[in-house]
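The values are calculated or read from the model by the stated rules, or taken from the named source; none is laboratory data. This one's a predicted model, so the numbers in the text were calculated from it and none came from an experiment. Quick reminder, even Gly has a Cβ in these numbers, built from the backbone with ideal geometry, and neighbours come from all protein chains shown.
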Amino acid sequence: MSAHAVMTRERRDEEAPVVEVAWEGQVVGARQDVEERAKALDRLRLSDNIFKLMTRSAAIFVLALLGGVMLALFLGSLPALNEFGLDFFLSQSWNPVTEKFGALAPIYGTLVTSLIAMMIAVPFGLLIAMFLTELCPMWLRRPIGIAIELLAGIPSIIYGIWGLFVLAPFLQQHVQPGVIATFANVPGLSALFAGPPYGIGIFTAGLILAIMVLPFVTSISRDVFEAVPPVLKEAAYGLGCSTWEVMRYVVLPYTRVGVIGGVMLGLGRALGETMAVTFVIGNAHKISSSLLAPGTTISATIANEFTEAVGDLYTSSLIALGLILFFITFVVLAIARYLLLRIERRIG
Amino acid sequence: MVASVGATLIGLSWLALILGALFWEGFSGLSLRVFTENTPPPGSDGGLLNAIIGSLIATVLAVAIGTPIGILAGTYMAEYGRHDKLTSVVRFINDILLSAPSIVIGLFIYEVMVRPMGHFSGIAGAVALAVIVIPVVVRTTEDMLLLVPNTMREAAASIGLPRSLMIQKIAYRAARSGIITGILLAIARVSGETAPLLFTALNNQFYSTNLNAPMASLPAVIFQFALSPYKDWQKLAWTGALIITLSVLALSIVARALTGARKSS
């Protein structure tokens, strides 16, 4: 026992100085260490805060961007709105020489071309979406879906040049004469399809817009169709429904809100589309009863005339047109987003 | 249901018709000269060099300005303010900006840059395109960061990694291919844009890399040449259209392949 005690004491005695030195060294080192760590932590906290601040500012910048667009357009259009007042929205005259400007013809053209586009694109889009979700063999779904979506990737100006050089001459030579002859004696329709076959005009613009918005309607409809719970469809099939009946009475009612959202999103695109329309609309500042006649839209007017506009009132009138366009698309897109958000919540 | 198949065939035929016309009209004009000579006056030979260079400069600048802002804003929405009010407002506004008419963006930049500066300029065109880049990048960045599993964030936090480093070293790395996809899509979107350039960068018949002066761009040249009465200008417009379409489609296919690879792994 004593031997053991001696041994430990001896060992302790031997080790004691070493331990002490090491301990003192550690005290010095630890103090430095703590200070360095504190500094490092401060640095990190600072960079952490800076990074957070940067991300937050960027998010707020996005908000400011939209505010800036609204403000700039509003201020830019003030001279025209002051000059013409409410008349600006109701007058059809567009005369740079006498400086009388009214927005009615472009507003009419914008709404009518978009309406034509939606009347063509919605049924087509829904049918394609049905094909992709219900009928198409699995291995073909992805390639066809991609091909339809590539339509959305083609730049607007390409549609314009194609519409002007390929589609419009084709319509002029092969389609419009027949249409005009067919409806010439039908009351009502004769006014809608009257006049010489120009090729370019309101209807051609609407048709091109239809091709351009088709992918938006298709891809959103497909997404909401795919989100229908399979049990619902299986139950309907189990009752002996045909594919068409399942689509008509189960899938469409279930996805109504989402489909409308997709349609509105496409409408938002059609309303603001510029280059394609500029090429084929014909740029006539008048409202004519015939859909085959040339017309103009808000965006086409701005694109065509902005750099040639002389005088503040002319420029300001064009910016006021831009403000109207922004307002219309804002409302349509806001409704679309709201509807899509609702269906997203229900699915999620 | 026959109608459904028919609609799909017609939808696909539009794509075929447009691409077919582009190749038919534009392919024969494709030669080395297009890339080495400037836009000609009507009646003489030339290429699209100044327009291609102008487009490249504007696109690169737009991406350089727009991408950092977009990524940072998307980061805030996914990493810091996932559940706060600001995020939902920004998300809504960003979606509106994403589909806002590009001509309106052009008017906006005209008001805030071109008018104060007193003249059209390449930099104004690039800023207008940057405004179009931002919402695309914000959207994809947020979506991709939201896909990063929270366990990775927790693991980083448990070893004491500060939040900013966790985002930079872990979250960005995990979401990298998705964010790059977003940038590619933004480039594809921007490189075909014409409307916002018409009254910001305007156009230039000559070779110019001066950012403070009007600058040519492919879409603007196509617009001008296609609507001109000269056959040789129209021919060049078709060639330019083919070049833009091929590069845009290539970009979106690459972007798709990137997301596809990520999904399957």
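Mind checking which residues of the stretch B:93-114 are β-branched (Val, Ile, Thr) and either facing chain A (nearest Cβ under 7 Å) or surrounded by 24 or more Cβ atoms within 10 Å (Cβ to Cβ) (or both)?
Those that are β-branched (Val, Ile, Thr) and either facing chain A (nearest Cβ under 7 Å) or surrounded by 24 or more Cβ atoms within 10 Å (Cβ to Cβ) (or both): B:ILE93, B:ILE96, B:ILE103, B:VAL104, B:ILE105, B:ILE109, B:VAL112.
Is it the case that A:SER57 is surrounded by 11 or more Cβ atoms within 10 Å (Cβ to Cβ), in contact with a Lys or Arg (Cβ under 6 Å, 6 or more places away or on another chain) and either modelled with pLDDT under 95 or over 24 Å from A:LEU271 (Cα atoms) (or both)?
No: the conditions fail for A:SER57.
Scan B:ILE65, B:ILE52, B:ILE69 and give me the residue that is within 14 Å of chain A (Cβ to nearest Cβ) and touching a Phe, Trp or Tyr at 6+ places or on another chain (Cβ under 7 Å).
B:ILE69
Could you tell me whether A:VAL263 is in contact (Cβ under 8 Å) with a residue 24 or more places away in the chain, within 20 Å of A:ALA336 (Cα to Cα) and either in a helix (DSSP H, G or I) or of a type outside the set (Ser, Thr, Tyr) (or both)?
It is true that A:VAL263 is in contact (Cβ under 8 Å) with a residue 24 or more places away in the chain, within 20 Å of A:ALA336 (Cα to Cα) and either in a helix (DSSP H, G or I) or of a type outside the set (Ser, Thr, Tyr) (or both).
Hand me the list of helices (runs of 4 or more DSSP H) wholly inside the stretch A:270-348 holding 2 or more residues that are surrounded by fewer than 21 Cβ atoms within 10 Å (Cβ to Cβ) and either of a type in the set (A, V, I, L, M, F, W, C) or modelled with pLDDT under 95 (or both).
Here the list reads A:298-305, A:312-347.
Is it true that some residue in the stretch A:94-103 is more than 7 Å from every other protein chain (Cβ to nearest Cβ), out of contact with any Phe, Trp or Tyr (no Cβ under 9 Å at 6 or more places or on another chain) and of a type in the set (S, T, N, Q)?
yes
Any idea how many residues of the stretch B:16-55 are part of a helix (DSSP H, G or I) and crowded, with 17+ Cβ neighbours inside 10 Å?
15
How many residues does the stretch A:147-161 contain that are at pLDDT 90 or above and among the small types (Gly, Ala, Ser)?
Selection size over the stretch A:147-161: 2.
Among the residues of the stretch A:127-143, write down those that are touching a residue at least 24 places away in the same chain (Cβ under 8 Å) and either assigned to a loop (DSSP other than H, G, I, E, B) or buried (at least 23 other Cβ atoms within 10 Å of the Cβ) (or both).
Correct list: A:ILE128, A:ALA129, A:MET130, A:LEU132.
If the requirement is being aromatic (Phe, Trp, Tyr), away from every other protein chain (no Cβ under 14 Å) and touching a Ser or Thr at 6+ places or on another chain (Cβ under 8 Å), which of these qualifies: A:PHE51, A:PHE88?
None of the others qualify; the one that does is A:PHE88.
Conditions first: (1) under 11 Å from B:THR75 (Cα atoms); (2) more than 14 Å from the chain's Cα centre (by Cα); (3) polar (S, T, N, Q). B:SER158 passes all but one, so which condition is the exception?
(1)
Please go through the stretch A:58-74 and pick out each residue that is more than 7 Å from chain B (Cβ to nearest Cβ) and farther than 17 Å from B:PRO101 by Cα.
The answer is A:ILE60, A:ALA64.
Just checking: which of the helices (runs of 4 or more DSSP H) contained wholly in the stretch B:137-250 hold 2 or more residues that are closer than 25 Å to B:PRO42 by Cβ?
Qualifying helices (runs of 4 or more DSSP H): B:195-198, B:218-226.
Restricting attention to the stretch A:181-190, does a residue exist that is closer than 30 Å to A:GLY261 by Cβ and either assigned to a helix (DSSP H, G or I) or within 32 Å of the chain's Cα centre (by Cα) (or both)?
no
Just the residues that are modelled with pLDDT under 90 and more than 9 Å from chain A (Cβ to nearest Cβ), please, taken from the stretch B:1-25.
Residue satisfying the conditions is B:VAL2 alone.
Considering only residues that are aromatic (Phe, Trp, Tyr) and surrounded by 21 or more Cβ atoms within 10 Å (Cβ to Cβ), look in the stretch B:195-232 and name the one that is farthest from A:GLU308 (Cα to Cα).
My answer is B:PHE225.
Being outside any helix (DSSP H, G or I) and surrounded by fewer than 23 Cβ atoms within 10 Å (Cβ to Cβ), is that true of even one residue in the stretch A:199-207?
The answer is yes, given that some residue of the stretch A:199-207 is outside any helix (DSSP H, G or I) and surrounded by fewer than 23 Cβ atoms within 10 Å (Cβ to Cβ).
Among the residues of the stretch B:170-219, what is the count of those that are of a type outside the set (Gly, Ala, Ser), within 12 Å of another protein chain (Cβ to nearest Cβ) and out of contact with any Pro (no Cβ under 6 Å at 6 or more places or on another chain)?
16
Kindly establish whether A:GLY195 is surrounded by fewer than 24 Cβ atoms within 10 Å (Cβ to Cβ), out of contact with any Ser or Thr (no Cβ under 6 Å at 6 or more places or on another chain) and on the phi > 0 side of the Ramachandran plot.
No: the conditions fail for A:GLY195.
Residues of the stretch B:48-60 being out of contact with any Leu (no Cβ under 8 Å at 6 or more places or on another chain) and touching a residue at least 40 places away in the same chain (Cβ under 8 Å), which ones?
Within the stretch B:48-60, B:LEU49, B:ASN50, B:ILE53 meet the criteria.
Report whether or not B:THR245 is facing chain A (nearest Cβ under 7 Å), closer than 26 Å to B:VAL104 by Cβ, in contact with a Leu (Cβ under 8 Å, 6 or more places away or on another chain) and not hydrophobic (A, V, I, L, M, F, W, C).
yes
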